[in-house]
1. With the checklist (1) under 25 Å from GLY147 (Cα atoms); (2) in a loop (DSSP other than H, G, I, E, B) in hand, flag the one item PHE266 doesn't pass.
2. So which residues in region 1-51 are modelled with pLDDT under 95 and of a type in the set (Val, Ile, Thr), if there are any at all?
3. Has region 228-247 got any residue that is under 16 Å from ARG20 (Cα atoms) and not in a loop (DSSP other than H, G, I, E, B)?
4. For region 217-231, check the following and say yes or no: at least one residue is under 26 Å from ILE146 (Cβ atoms) and in the same structural domain as LYS192 (by TED's automatic domain parsing).
5. Failed condition for LEU89, given (1) modelled with pLDDT of 95 or more; (2) of a type in the set (A, V, I, L, M, F, W, C); (3) surrounded by 12 or more Cβ atoms within 10 Å (Cβ to Cβ), with all others met?
6. Can you name the residue in region 151-161 that is over 16 Å from the mean Cα position of the chain (by Cα) and in contact (Cβ under 8 Å) with a residue 60 or more places away in the chain and, of all such residues, is surrounded by the fewest Cβ atoms within 10 Å (Cβ to Cβ)?
7. If you take the residues in region 48-58 that are of a type outside the set (D, E, K, R) and within 18 Å of TYR108 (Cβ to Cβ), which one is surrounded by the fewest Cβ atoms within 10 Å (Cβ to Cβ)?
8. Quick one: count up the residues across region 136-145 that are in contact with a helix residue (DSSP H, G or I) (Cβ under 7 Å, 6 or more places away or on another chain) and either surrounded by fewer than 19 Cβ atoms within 10 Å (Cβ to Cβ) or part of a strand (DSSP E or B) (or both).
Amino acid sequence: MQPMSKSKEAAIELEELGFRCIWVPEAVNREPFASCGVLLEATKKMTMATGIASMYARSAATMNAGWKTLTEAFGERFLLGIGASHQNLVEKVHKTSYDKPYSAMVEYLKAMDSGLFFAAAPTVAPRRVLAALGPKMLKLSAQMGIGAHPYFVPIEHTSYAREILGQDALLAPEVAVVFDTNPETARAIARKFMLTYNRLPNYTNNLRRLGWAQDDIAGPDKMPSDAMIDAIVAWGSLETIVARIQAHIDAGASHVSVQVLDADPFALPLNQWRELATTLSSFN
């Protein structure tokens, strides 16, 4: 939501603070390959990861070309995250059919791997992860990628995913956090964020698979319960938030993507990032 100039300034500061990776979304935001290229050029050591690039937004040949172009230019500083997105986005925005996304992903990855690319080849192996939640996609992410980037998941999913992925695969769950110790205002921020996701079948099916009831996910008023909010979003003091990140690591995460939520969704949470940075050494 920020101008690209502000995004570059933020990326430079995040690198100086000691953060190692920025996950760049797509959905209906900026084109992620272009964004990653700009941010990679602005920084020196940070990894830029697409979180995620939709396979329905571009052909396998185009995805492959973008992947190899940025890997050739920046080596292991670029990580491609691919996902099947969601039916409403695929059908309404990309005007294509959302049919059997798992099978479509298998064929898409095969097409990427057999695609033509006549430009200068990367000197390191290109890396990709899948936006995986269920068991079949998680297995695929280890078989045809280096791991998984689950989104909108509680701690128990991290344990579940690690068991399926095996010990060697990258597991990089997203964790949303709110720096607010007041339960009412913190949950209000979290609830507003969650209303984007608690109606999407990919996420609701995953939560039900983990044992959550529909009334917790989205009750008759369409709102998540306090228990569901607390499971998905870590809120409170810095110590409480750090404990949640550590809990995902203890459950099997090899990297945690932290998304800071603010009462103003258009604001850059610079103060919160700076506060988080004071704890980075505990995770190294």
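1. Unmet for PHE266, out of (1) under 25 Å from GLY147 (Cα atoms); (2) in a loop (DSSP other than H, G, I, E, B): (1).
2. Answer for region 1-51, where residues must be modelled with pLDDT under 95 and of a type in the set (Val, Ile, Thr): just VAL28.
3. Here is the first cut: in region 228-247, the residues under 16 Å from ARG20 (Cα atoms) are 245.
Retained after the next criterion (residues that are not in a loop (DSSP other than H, G, I, E, B)): 245.
Yes, there is a match, as at least one residue in region 228-247 is under 16 Å from ARG20 (Cα atoms) and not in a loop (DSSP other than H, G, I, E, B).
4. Step one: filter region 217-231 for residues under 26 Å from ILE146 (Cβ atoms), giving none.
No, that holds for no residue.
5. The failed condition is (1).
6. Here is the first cut: in region 151-161, the ones over 16 Å from the mean Cα position of the chain (by Cα) are 156, 159-160.
With in contact (Cβ under 8 Å) with a residue 60 or more places away in the chain added as a condition, the list becomes 156, 159.
Numbers: GLU156: 14, SER159: 16.
Looking at residues that are over 16 Å from the mean Cα position of the chain (by Cα) and in contact (Cβ under 8 Å) with a residue 60 or more places away in the chain, I get GLU156.
7. Let us first name the residues in region 48-58 that are of a type outside the set (D, E, K, R), namely 48-57.
Filter once more, so that each one left must be within 18 Å of TYR108 (Cβ to Cβ): 50-57.
Values: THR50: 29, GLY51: 24, ILE52: 23, ALA53: 25, SER54: 21, MET55: 25, TYR56: 22, ALA57: 18.
Per the criteria, the residue is ALA57.
8. Here the count works out to 4.
The values are calculated or read from the model by the stated rules, or taken from the named source; none is laboratory data. Quick caveat, the model's predicted, so the values are computed rather than measured. Here the Cβ is made from the backbone with ideal geometry for all residues, glycine too, and neighbour counts use every protein chain on show.
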